[in-house]
Structures are given as structure tokens and as C-alpha cells.
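Worksheet: one structure, shown below.
The values are calculated or read from the model by the stated rules, or taken from the named source; none is laboratory data. All of these numbers come straight from a predicted model, not from anything done at the bench. Using ideal geometry, Cβ is built from the backbone for each residue, glycine included, and neighbour counts are taken over all protein chains shown. Just the protein is used for accessible areas: all its heavy atoms, side chains included, with ligands, DNA and RNA removed. Shrake-Rupley method; radii C 1.70, N 1.55, O 1.52, S 1.80 Å.
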Amino acid sequence: MNWVEGIGYLGTALTISASAMSTMIPLRIISLVASAAVITYGLLIGSMPVVLTEAIQIPFNAWRLWQMVRLVRDVEKAADGDLSLDWLKPYGTERAFAAGASLFAKGEAATTMYYVEAGCFRIPEYGIEVRTGGIVGELGLLSPGNRRTASLVCTEAGRALEVPYSAVKQLYYQNPEFGFSFLKLTSERLFQSADARVAVSGDVA
């Protein structure tokens, strides 16, 4: 085996290694390195189909890598104190709600959470208002049987980003760093909700 074949085998080994990985950032990095090795091999043996195939894959892998790195960075930033959830926008659907609309009721099956972009929403069971920048409905992802722990109604016409739990789960399992950071963020949300409930109880008392 000469050094040219060695480069080809290296590219093959890296491609197989990338396929066996379960976490996205290492997978994308190894895929990029594998593509570079295979392109080098293709150029050395004069095989343009090989070069073209890998050259097409590089932009896709680079884009996905950048997206995941940015996502992890933004979630870590949010978990460290910046509670803006703008990083969720690519993974949800924006919906408009009229005043009086009911988004969900306590006990219902939960499949989505909401990020409020405008207007005002209220959790009647606890007297909590959720305004722009707030998140609500994420506890259903953690509750037994994925059931709503409270209701949500729109009190002032507005918009909310609807994010399916399936998207959150996919991101969670694909990247351990994202999963850890999201748990930190959710925990902080839980403490905020608990403080709000205590405040409401104190006002009632």
C-alpha cells in the first residue's frame, strides 16, 4: 500500500467513524475531515466523481455544524442568566392568538411548549401572567404521562412560537451539551414559577 492509498483508507475510516457517532458536533467535524481526506485522494487518483461527491457534502456538514455550535452557545448563554429563547425560533411555528383564546387546559395531553413573542397569556390556576419573552408549557414535557399541569389562555391578543416536544427531544438526544444546558434553563424556569406561586399565595392570604 502506497501513501496515496493510505489517504483513501484514512478517508474511508473517518467516514465509517462518523456514521457510528451519535452526537452531532463530533459527527459533523469528523465528516468534514473525512471529506477533506477523500477529496485529496480523489484529486491524486484523478477521480472527479469522488471529488464532486465530497465537495457537495462539505457545505451541508459545515452549515449543520455551525447551527449546532450556535445553538449550544445560545442555550448556555440563556442558562447562565440570559433567559431569551430566540434560539428556539428555527424549531417552532409562529401562531397568532385572539384575546380569550384557550391554548390548552389542565390535564390535557401535552405535545408543545410556547415562547411568547407579543401579547399577554395567563395561567388561571396560579394567577400567573406570561408576557413577551416568557416560556410556558414546557413542564408538560417533564410531567408524568406528558399531561398539562395547568391551563393557558390568551388575555391580550398576541403571538407565540409553538415548539413541539419532538424538536426539543431531538436536539436533546443529538447533543449532550444542549441537553444539559436545557435542563439548567428548565430548572431556572421551575424556580421562577415556584416563586410566582408563592407570591400569589401570599397576596391571597
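Tabulated data
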{"quantity": "Cβ pairs under 6 Å, 6+ apart, first in region 54-81 and open to solvent by 50 Å² or more (accessible area, probe 1.4 Å), second modelled with pLDDT under 85", "calculated": "E76/S181"}
{"quantity": "Filter result for the condition that a residue is under 12 Å from E162 (Cβ atoms) and not aromatic (F, W, Y), over A101, A96, A150", "calculated": "A96"}
{"quantity": "Matching entry among E138, E162 (being closer than 29 Å to I25 by Cβ, of a type in the set (D, E, K, R) and buried (at least 19 other Cβ atoms within 10 Å of the Cβ))", "calculated": "E138"}
{"quantity": "Long-range neighbours under 6 Å by Cβ, at least six apart or interchain, first residue more than 23 Å from V72 (Cβ to Cβ) and in a helix (DSSP H, G or I) within region 11-27, second basic (K, R) and open to solvent by less than 50 Å² (accessible area, probe 1.4 Å)", "calculated": "none"}
